[in-house]
Amino acid sequence: MHIAEPGKTRVGWIGTGVMGAAMCGNLLKAGYQAVVFNRTKSKAESLLAQGSTWAGSPREVAESADIIFTIVGFPHDVREVILGERGTLAGAKPGAVLVDMTTSEPALAVEIAEKAAARGVASLDAPVTGGDVGAREARLSILVGGDRTAFEAVLPCLRVMGKTVLYHGGPGMGQQAKMTNQILIASTMVAVCEGLLYAYRAGLDLNKVLESVASGAAGSWSLSNLGPRIINNRFEPGFFVEHFIKDMGIALAEAKRLGLCLPGLALAYQLYLSVAACGHAKDGTHALELALARLANIDWLHRGEPRGQPCGKKGGE
């Protein structure tokens with residue numbers, strides 16, 4: 001198992017969505033050659049235009065790569081893409097490294113590591129945080145679990161994609177660290193959206209409020225990066241609501257296994273189910289603002305009515 005090096009190490013990439021395409025693009029810019037696969041080929045066109053090679057399946061990707069990265073949607077996708085009949089493990093050669101960057105189940109990461117090891121293949125679970133902006137600007141935080149030697153070998157690639165790259169322990173521990181991150185984000189997002197909703201109903205200038213509080217004790221990444229998007233009605237996804245619901249579900253299941261009561265996480269989970277039910281599953285996580293506004297009978301997207309007056313009601317009606 002050799003240390004990754006541009007021009008020598010062959011990289012495979014599966015999953016070219018909101019974050020995956022940018023992450024693989026950064027590897028290409030760093031001089032790595034890549035073979036790619038995505039269920040929808042059109043979503044890989046930007047990478048193909050940058051010189052990457054197309055493969056017909058995850059197995060074909062692995063057959064021609066030393067390090068195979070995957071970043072897909074849900075645990076069942078991870079299972080199919082890595083452990084399926086046409087998955088990466090079926091095509092990986094002894095000495096190859098599988099790196100799953102999907103936020104997935106810790107137990108699945110352990111299962112993948114065990115089955116990979118039986119074939120002489122190393123495995124890492126390396127979920128990321130930092131959203132679409134972090135992916136584009138190579139400022140992700142990458143939380144890694146799995147084989148320590150494989151981690152050292154892949155580290156040069158991870159440093160191309162992330163600003164903070166830390167090893168957290170054996171198989172599944174990267175996913176456990178990511179669950180911690182998602183638990184922290186869940187209640188923070190509720191607070192960000194409730195705070196802006198309160199400020200709006202109180203008649204405050206939302207941009208001034210954001211400027212006033214973001215640098216103080218109330219400040220957070222979510223407030224500074226997603227607050228402006230909420231104010232400007234930009235709810236396109238940096239991270240999908242449906243994926244966040246998946247993550248919180250995994251975290252709640254793990255909390256139950258660990259004997260933990262996490263009421264804040266449970267509340268956020270229920271609120272996000274309402275976001276999806278309102279038709280915003282494919283929007284960004286900050287679309288929580290729309291569901292909370294709805295509870296207050298405020299049409300956030302078309303706000304502009306007198307404060308304290310229910311949305312949809314005009315004076316005299």
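Values quoted throughout were computed directly from the atomic coordinates according to the rules given, and no laboratory measurement underlies them. Not measured: the values here are computed from a predicted model. Counting neighbours? That spans all protein chains shown, and the Cβs are built from the backbone with ideal geometry, glycine included.
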| message | Taking amide H atoms as placed 1.01 Å from N in the peptide plane, list the residues 5 or more away in sequence, or in a different chain, whose amide H sits under 5 Å from that of Val36. | response | Trp13, Thr53, Trp54, Ala55
| said: Give me the net charge for the shell around Arg10: Cβ to Cβ below 12 angstrom, other residues only, Lys and Arg +1, Asp and Glu -1. | reply: -1
| Under Karplus coefficients 6.51, -1.76 and 1.60, residue-wise ³J(HN,Hα) of segment 150-166 in Hz, glycine/proline x | 5, 4, 4, 5, 8, 3, x, 5, 4, 5, 5, 9, x, 8, 10, 10, 10
| message | From the gyration tensor of the Cα coordinates in the chain, what semi-axes in whole Å does the equivalent ellipsoid have, largest first, with each one equal to sqrt(5λ)? | response | 39, 20, 17
| Residue by residue through segment 170-175, which ³J(HN,Hα) values in whole Hz follow from phi under the Karplus form 6.51 cos²θ - 1.76 cosθ + 1.60 (θ = phi - 60°), with glycine and proline marked x? | x, x, x, 6, x, 5
| field | Count of lysine pairs in the chain with Cα separation under 15 Å (8 or more residues apart, or interchain) | value | 4
| task | Would you pull out the residues with amide H under 5 Å of Phe240's amide H, same chain only if 5 or more places away, H placed 1.01 Å from N? | result | none
| P(r) of segment 187-298 over all Cα-Cα pairs, binned every 10 Å from zero, in whole percent | 14, 45, 32, 9, 1
| said: What number do you get for segment 10-171 when its Cα radius of gyration is normalised by 2.2 N^0.38 Å, N = residues? | reply: 0.91
